[in-house]
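Contents: one structure, followed by commentary.
What follows draws every value from the coordinates through simple rules; no lab data is involved. Quick caveat, the model's predicted, so the values are computed rather than measured. For neighbour counting, all protein chains shown are included, and Cβ atoms are generated from backbone atoms with ideal geometry for every residue, glycine included.
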Amino acid sequence: MLTLKFKPGSAIEFATHVLPEFSSFTLLVYHDASCLDELALGDKMILEIERFESNQDVLRLDVTVVFRFETEELKHWLAVSISPKQHAIIHSVRYLCRHHTSEYGKLFHQLVNDSCHCHKR
């Protein structure tokens, strides 16, 4: 099973990766694996999140691909949803960025805007 790694540097950076538009807790993560072209919506994988607030263990989450960009410059970004069966871990992850909910979705919107501006040139 493919493993994605996510190492946010701060709570604010973590919050920018959250996608509030999806019903389950969803994160936008970057991955440079060569097998990305083979990934499809609904594929399962592991997401390892390195905790930024301390030297604690890495969180290992079961996730599902719920969104992929089709454009070449954004193809390495995946939206992955944490399995609803992991309620306790979802609450723990939400707690990490609880003071920065205004940052939710900003990375996604920035990527879309940057991509649109690139195509206008």
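Data for the structure
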| quantity | calculated |
| --- | --- |
| Full-extension gain in nm, Asp43 to Phe67, via 0.36 nm per residue minus C-alpha separation | 7.6 nm |
| Label-point separation, Lys106 to Leu2 (7 Å along Cα→Cβ), nm | 2.8 |
| Whole-number D in µm²/s for the range 1-51 (Stokes-Einstein; Kirkwood sum over Cα pairs; 20 °C, 1.002 mPa s) | 174 |
| Mean projection area, nm², convex hull over Cα of the chain | 7.8 |
| Point-to-point label distance, Arg60-His91, nm (Cα→Cβ direction, 7 Å offset) | 2.3 |
